[in-house]
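Notes to accompany the following structure.
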Amino acid sequence: MKILKYVLLAFAGVAVLIGGIAAYIAATFDPNTYKPQVIQLVKDKKQRTLKLDGDIKLKFWPSLGADLGKLALSEFKSETEFASVERARVSLKLMPLLSKKVVVDEIEITGVRATVIKYKDGRMNIDDLLTKDDDKKKEQVEFDIDHVKIERATLAYRDEAQRASYALSNLNLTTGRIAPNVPGKIDLSVTVQGDKPKLNLAVALKTKLQFDLENQVFILDNMGLEAKGQAADLSNLNLKASGAIDAKLKAGELRTNALSVAMTAVSGKDNLDVKLDAPKLLITKDKASGDKVTVAAKITNAQGATVANIVLPGIEGTAQAFKAAGMTLDLDMKQGAQAVKARVSSPLSGNFQTQQISLPQLNVNITATGPNMPGSSLSGTLAGSASVNGAKQQVQANLAGKVADSTIKAQLGVNGFAPPGLTFDIDIDQLDVDKYAPPSGGKPAAGGGGDKPIDVSGLRNLRANGKIHIGTLKTSNVKASNVRLEIKAAGGQVNVSPLSANLYGGSMTGAATVNAAQATPSFALKQNLTGVMIGPLLKDLANKDSLEGKGTVNVDVRTAGGSVNALKRALNGNAVVNLRDGSVKGIDIAATIRDAKAKLGTLKGQQTQQADANKKTEFSELSGTFAIASGVARNNDLSLKSPLLRVGGEGDIDIGNDTINYLVKAAVVGTLTGQDGRPVSELKGVTVPVRATGPLTAPSFGLDFNALLTDTVKQKAEDMVKGKIEDALFGKKPAAPAAPGAAPAPAPSSPSGRDAAKDVLKGIFGR
């Protein structure tokens, strides 16, 4: 007992001695005098500049620590500031130092600012601070911190290769005790900002944290997480999560308990509401089990709502091979008077470690109802299989079946999830789009009242690459067969090339482009029609029975705008038409010319008549080119040929305003016979001008008799001057010698010049 007494007394004496020494040092030692040496040491060892603007205060008992004032540290070999701190306090427990152990007692930091940069070559501006000295034996550090307190911290990260930046600002953290296998409270609030994706979130986390770094164990209990703000294209985001997570990464185990996640947000014009409940889930190397998991999602907008419910029953197996009896997805979509319901079901199997899921017996049942549906409803069934590879961010599905009158085979895929990259190869035997299109709602009002906006915002984030083949297609009343499309979409631009089909006795090839990345979307179309019967095509497409013929039409146009009228007015490009063996309906130029003789003497000015569907001008060849600028198609080389006529023309077709102002010039090259059987050979070689004006839907045709009279007089004058006037003024040419034995011809009388002139006018006017 005396020995113990002496030991205790000796220990007490040593403690008093150490305390006295510490008190003396604290009272007499001024660490601020060593600032220059510390600054130079950092300069020599790390090639960084350290600034110590505040006073350094030391404490020695019951812990060894320092209270630092304002300080700043520069970038490597630069005077540019890397980090700064308004105030920092760090202390170490004194007694473990006697055993050569470093145990952190407390950390308090206020106003820290730092920027971490990753350069284009992969280097980082903190590489020199992370350099390890393998030859130096490291001191053992034990995490047993009484508390950590961080206030008003700002941490920034910039990736120059990806041109992305992120920041944690207004970071405030308060913890309880932090030590291995000891639960400690965590109270964190921070603002998270970024540009790829766009982030601006206020995040708050309250939980109890227990960890074991050596065995990689992390336990979050009584977790409460809340995030508000913007994430990617989600605005007004409000996310809440609660429950418990137990992750033993080294052992490959994951356990969740009463995990619940709820989120509301706005995406474009859609309001989102998503909830997930996972009561219990256990995944180990040898076992996987869990209770029913449910996900409920609702999307609402001005047009309607979409509700999706996913139910995954209890799973069983192992982390490498788990399965569930059946997964079901129920969809309920309503848009106005239209409604679609679908159920997707399949047994499920997968592997947690490789993040793979298989749906080997996938069944899809669809029912759609609405006033525009054939018989007010349609239904369909598809069957096949699907697989998901989370590690590679891939989804593959093979489906086949029948929806309404269409038999469908489809290979679908997703490569990448943010945003998803779609792949597809779809074959449809027949498709009548018009059956499912909403009614037009009547004719648009005059003056552009029926203008419709063009919304391509859904294409801006679309990534797609695939093929579509349709055996027979009807859309906008146009009928085609063997339709083939190859579609590529990325960066807001959609390219359809090639775009081909057989239609109306001929073929169509070309390409189309939509650029939705710009504020004002733009469109381009190149299309070649070969051997196509134009009459039936125009009749079906635009309900216009104005032209017949078979031949080629080449179109290369582009436009931009946010509405149908804007697109029409901004149209630019060119078109070429070459047709054979057809007719122009609405006017019979030959009949108009047959009436010209009688009208020449009685009409003046211009005679106008409406288009008559019962009249037509037949041709053997029709060709023309159109230069299109700002919605106006200009033509000056129209050529129409028939055995009786040669027709040329020039003028404008104002596509933006749906009007026409076009002059057709018809010349008689043969003999025309009217209904009374009398020839109008007197007009042979005369050009007859016909002008088409007014709306494209109902143009008026006018015959300009002033121009016609002028041309007729000119033509007759030339003929008569060459004939009768020469005869009258200079006498007829000597007659040819009479044949032997024939009686001599009587000598002609010589008319006076006045009579000759009368004959000229009579010949001109036919009187």
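In the complete set of protein chains, residue-level accessible area for Thr328 is approximately 40 Å², probe 1.4 angstrom.
With protein chains left intact and a 1.4 Å probe, residues in the range 284-426 average 53 Å² of accessible area per residue. Backbone N atoms of the range 35-53 closer than 14 Å to the 7 Å Cα→Cβ label point of Ile117 are not found in any residue. Of the trypsin sites (Lys or Arg not before Pro) found in the range 479-568, the ones in coil according to DSSP and having at most 16 other Cβ atoms within 10 Å of their Cβ are Lys544. For Thr472 and Asn572, the difference between the fully extended length at 0.36 nm per residue and the C-alpha to C-alpha distance is 32.9 nm.
Computed from label points 7 Å out along Cα-Cβ, the spacing between Lys250 and Asp187 is 3.2 nm. Within the full protein context, the accessible area of Glu650 is estimated at about 80 Å² for a probe radius of 1.4 Å. Rolling a 1.4 Å probe across all protein chains gives Tyr157 an accessible area of roughly 80 Å². With the cut-off at under 14 Å, measuring from each backbone N in the range 263-299 to a point 7 Å along the Cα-to-Cβ line of Asn257 picks out 279-283. If the chain linking Leu329 and Gln430 were pulled fully straight, counting 0.36 nm for each residue of separation and taking away their Cα-Cα distance, it would gain 33.5 nm. Exactly which trypsin sites (Lys or Arg not before Pro) in the range 283-318 are in a DSSP loop and have at most 15 other Cβ atoms within 10 Å? Passing sites in the range 283-318 are Lys285, Lys287, Lys292.
Label separation (Asp451 vs Asn554): 3.4 nm, computed from points 7 Å beyond Cα along the C-beta direction. Cross-linked pairs Lys46/Lys250; Lys46/Lys196; Lys409/Lys479: Cα-Cα separations exceed 30 Å for Lys46/Lys250; Lys46/Lys196. Averaged per residue, the range 106-236 has 62 square angstrom of accessible surface, using a 1.4 angstrom probe with ligands and nucleic acids left out.
Between Lys409 and Ala164, the contour length at 0.36 nm per residue exceeds the alpha carbon distance by 84.0 nm. Summarising the amide proton neighbourhood of Lys198: residues at separation of 5 or more, or on other chains, whose placed amide H is nearer than 5 Å comprise Ala232.
Paramagnetic label reach from Asp291 (point 7 Å along Cα→Cβ; backbone nitrogen cut-off under 16 Å): within the range 185-224, residues 222.
The values are calculated or read from the model by the stated rules, or taken from the named source; none is laboratory data. This one's a predicted model, so the numbers in the text were calculated from it and none came from an experiment. Using ideal geometry, Cβ is built from the backbone for each residue, glycine included, and neighbour counts are taken over all protein chains shown. Keep in mind that these areas ignore ligands, DNA and RNA; they rest on the heavy atoms of the full protein, side chains included. Shrake-Rupley method; radii C 1.70, N 1.55, O 1.52, S 1.80 Å.
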